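Participant: Handing you a structure now.
The values are calculated or read from the model by the stated rules, or taken from the named source; none is laboratory data. The structure displayed is predicted, hence computed values, not measured ones. Positions of Cβ are backbone-derived with ideal geometry, glycine not excepted, and every protein chain shown enters the neighbour counts. Ligands, DNA and RNA are stripped out before the accessible areas are found, and what is left, the full protein with its side chains, is counted by its heavy atoms. Shrake-Rupley method; radii C 1.70, N 1.55, O 1.52, S 1.80 Å.
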Amino acid sequence: MARRLLPTGLRAQLALAIAVVTAVGVGASFLALYSGTTARLRGEIDSQLRTQAAEWRQFAARSDLSPPAALERTARRFIAAQRYHAESLINVVQVNGAQTVTNNPEVVAREESAGTSPGSIGLLNSPTGITTESVAEAGDMRVLAQPILRNGRRVGTLRVANPLTPVTQAQSSLKRTFVVVGILTVVLAALAGVGLAAVIAAPLRRITAVAAAAREGDLSRRAGPVSPGGEVGVLAAAFDAMLDRLERAFKRQRDFVSDASHELRTPLSVLRAQVELLDRETDEASRHESTVLLLHRLDELDRLVGDMLTLASAEAGELIERRPIELGGFFEDLRRDLPLFGERAFRLVAVAGTLDADPDRLTQVMRNLVRNAAAHTNVGDRVEVEAYADGDRLQISVADTGSGIPADELDHIFERFHRVDRSRSRDSGGTGLGLAIARAIVQAHGGRIWAESQPGAGATFHIELPGYRPPMPSREEPADSEATSS
């Protein structure tokens, strides 16, 4: 039930919180000032009472107070000598066996007449010490009562009283002032809270609007920059970064579906046509030839699907499984496989040591790059693979002497289904995914890949991978190896 009574908006909650905190602060200040002022004023009154009692003791010390008449005369002389004190100060000397002497007979007369009521204490019946008593028609007073002793015998009582009117007036004035000031302060604090809450909530409202747009499918909007360093700024930056990733992920998903539907349509159409021809073919030799061609197309389709699944695994962050690779054996296996890529003049310069990487994926990268180099060169052209260490990073380059890559294509060759030579047929074995897969694998290792080329002067692909460790000193580094296929 209490939650329902609270405002639901952030601005209203902030404004209410600031107003409540201000009200509590004003109330606490009032209580502290109220109690302090009351205690200070009462202390001043009590000090006046004690001073008056001390003057009586000094005055009476020189007189004989044993006879009641002598005490009465001394009291009259003392009161007559107190003209310099404030008129509000009441002095009463009650003499045992004689008249009461006072500077305010009217108050004493009223007190004597009121003293007959049961339970009444008042001025004339106050206990020894300083107490607060209610005096007839005079209000509350601080009263100091002190016995007058001579030779161990009580001969009378001195009472000094001062009204609490200054304290009451100060308390009333303080209450009125704090009521006015407190109301104004709370109102101003609430208004300031509304303004401050609007400033604080503005970026949050912007983030909320962007989130609502994202929920509806619009991922292009951003919260934009907010005051750096604050929590809201960190939230806005994190929110925009999340939207950037979501937008890229959805774009990759759309591109992947679009590319897959486009790339799969042609081989599926060809397969359908060949199956229909195979169904109508009666010649055994022709049927066998069609079957071989059909199986070849299925292999291409299987390779295309496999490449697409590799890219999907890369985007899901499940592409590689690292383990130490002995580079000597790794490059030796690659050297033996080089002649399988065609009749080219292959040359391999290897490096010894260990690399933390996925050996199968790294082999896939090297084969894709060598296959790409062989596809863009002619028989007898050179294809060189070189690996060397650069601190804790391994540098690998694959260079060829083919036709090269146009300058306007260098920024696009690692995109999916991108082909520099668009006239190249699928019979060449290309799916347009080899370089895209190579980039995905290298980036999954925390490395980078790039290409350099001069049209007509060949192309060089560079790979940089972290996690390299040199061989142990006791091991002999393998010499550069060169393989040539002609």
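Here's the yes/no breakdown for (1) among the aromatic types (Phe, Trp, Tyr); (2) at pLDDT 90 or above; (3) open to solvent by 30 Å² or more (accessible area, probe 1.4 Å):
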position: Leu362; (1), (2), (3): no, yes, no
position: His376; (1), (2), (3): no, no, yes
position: Ala389; (1), (2), (3): no, yes, yes
position: Ile396; (1), (2), (3): no, yes, no
position: Gly402; (1), (2), (3): no, no, no
position: Thr431; (1), (2), (3): no, no, no
position: Gly434; (1), (2), (3): no, no, no
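Participant: Moving on to the next point. Taking only the range 64-81 into account, find how many residues are under 15 Å from Gly156 (Cα atoms), out of contact with any helix residue (DSSP H, G or I) (no Cβ under 6 Å at 6 or more places or on another chain) and assigned to a helix (DSSP H, G or I).
Facilitator: 8
Participant: Still on this model: Given the residues Val234, Val210, Val187, which is the only one that is open to solvent by less than 60 Å² (accessible area, probe 1.4 Å), farther than 30 Å from Arg40 by Cα, of a type in the set (Val, Ile, Thr) and in a helix (DSSP H, G or I)?
Facilitator: On inspection, the qualifying residue turns out to be Val210.
Participant: Let me ask you something else. For the range 154-179, enumerate the residues that are exposed (fewer than 11 other Cβ atoms within 10 Å of the Cβ) and either among the charged types (D, E, K, R) or part of a strand (DSSP E or B) (or both).
Facilitator: Matches in the range 154-179: Arg154, Arg176.
Participant: In the range 290-306, is there at least one residue being at pLDDT below 70, open to solvent by 80 Å² or more (accessible area, probe 1.4 Å) and within 30 Å of Leu246 (Cβ to Cβ)?
Facilitator: For the range 290-306, residues at pLDDT below 70, open to solvent by 80 Å² or more (accessible area, probe 1.4 Å) and within 30 Å of Leu246 (Cβ to Cβ): absent.
Participant: Moving to a separate point now. Filter the range 88-97 down to the residues that are part of a loop (DSSP other than H, G, I, E, B) and open to solvent by less than 40 Å² (accessible area, probe 1.4 Å) and list them by number.
Facilitator: Leu89
Participant: Another question, if that's okay. Among the residues of the range 404-429, write down those that are modelled with pLDDT of 65 or more and surrounded by 14 or more Cβ atoms within 10 Å (Cβ to Cβ).
Facilitator: Scanning the range 404-429 gives Gly404, Ile405, Glu409, Leu410, Ile413, Phe414, Glu415, Arg416, Phe417.
Participant: Now, a different point. Which of the numbered conditions does Arg57 fail, given that it passes all the others? Conditions: (1) open to solvent by 30 Å² or more (accessible area, probe 1.4 Å); (2) out of contact with any Asp or Glu (no Cβ under 7 Å at 6 or more places or on another chain); (3) at pLDDT below 85.
Facilitator: Here Arg57 meets the rest and fails (3).
Participant: Every residue in the range 1-53 that is at pLDDT below 85 and either loosely packed, with under 11 Cβ neighbours inside 10 Å or in a loop (DSSP other than H, G, I, E, B) (or both), please.
Facilitator: Scanning the range 1-53 gives Met1, Ala2, Arg3, Arg4, Leu5, Leu6, Pro7, Thr8, Gly9.
Participant: Could you list, in sequence order, all residues of the range 345-360 that are open to solvent by 10 Å² or more (accessible area, probe 1.4 Å) and either touching a strand residue (DSSP E or B) at 6+ places or on another chain (Cβ under 7 Å) or in a strand (DSSP E or B) (or both)?
Facilitator: Listed by number, the residues that qualify are Ala345, Arg347, Val349, Ala350, Val351, Thr354, Asp356, Pro359.
Participant: Suppose we filter Val257, Val232 for residues that are in contact with a helix residue (DSSP H, G or I) (Cβ under 9 Å, 6 or more places away or on another chain), of a type in the set (Val, Ile, Thr) and either closer than 30 Å to Leu309 by Cα or modelled with pLDDT of 70 or more (or both); which single one remains?
Facilitator: Just one listed residue meets the conditions, Val232.
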